Amino acid sequence: MRIWATIGAALLLVLEALVTSVLALVLGIGIKRQNMSLGGLEPDRMALGVWVGLGTLAGFLVVVGAVLAIMAARRRAMGRPTRILLIVCAVLHAVLAAVTLALSGVLVFVVLIVTLGFLVLVIQLGPGRDAEPTPAP
């Protein structure tokens, strides 16, 4: 079950990274085409900030998804750095879910909570479930 949860989480994270990249592109273009200043910031700089910020988020999601895919392909248990990476990603998803529930609506919230559930499932299933039993001496 751990392998399937890992594959599901990896697919959801890569899909979420693609959606985030498209969102960054659309928001950046929309900001760039406007002619208003927000707090003295130029629209070009705001668009660059959106592209860098959401691009970094998408890159992080792709990295976590790749780590999960490698972990599923090798059928090995995760180490401490992988566990820390997954916990950081889970906390990020919890915060993003709370923000998007307030700003975007229920559908985005549900997608983020499902991804959070997969991440927590991968973390909680632990290393010993799919491992081969060690022979007794």
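Read-outs: derived from the displayed coordinates by stated rules, not from any lab. What you see is a predicted model; the values in this text were computed from it and never measured. With ideal geometry, Cβ positions are generated from the backbone for all residues, glycine too; neighbour counts draw on all protein chains shown.
Can you name the number of the only condition in (1) within 13 Å of residue 123 (Cα to Cα); (2) surrounded by 15 or more Cβ atoms within 10 Å (Cβ to Cβ) that residue 21 fails? That leaves (1) as the condition not met.
Residue-level check: of (1) exposed (fewer than 13 other Cβ atoms within 10 Å of the Cβ); (2) over 30 Å from residue 124 (Cα atoms); (3) not charged (D, E, K, R), residue 56 misses just (2). Number of residues in the stretch 79-103 that are among the hydroxyl-bearing types (Ser, Thr, Tyr) and touching a Phe, Trp or Tyr at 6+ places or on another chain (Cβ under 9 Å): the value is 1.
Return the residue satisfying two criteria in turn: it lies in the stretch 97-121 and is of a type in the set (Val, Ile, Thr) and touching a residue at least 60 places away in the same chain (Cβ under 8 Å), and of such residues it is surrounded by the fewest Cβ atoms within 10 Å (Cβ to Cβ). Top of the filtered list is 114.
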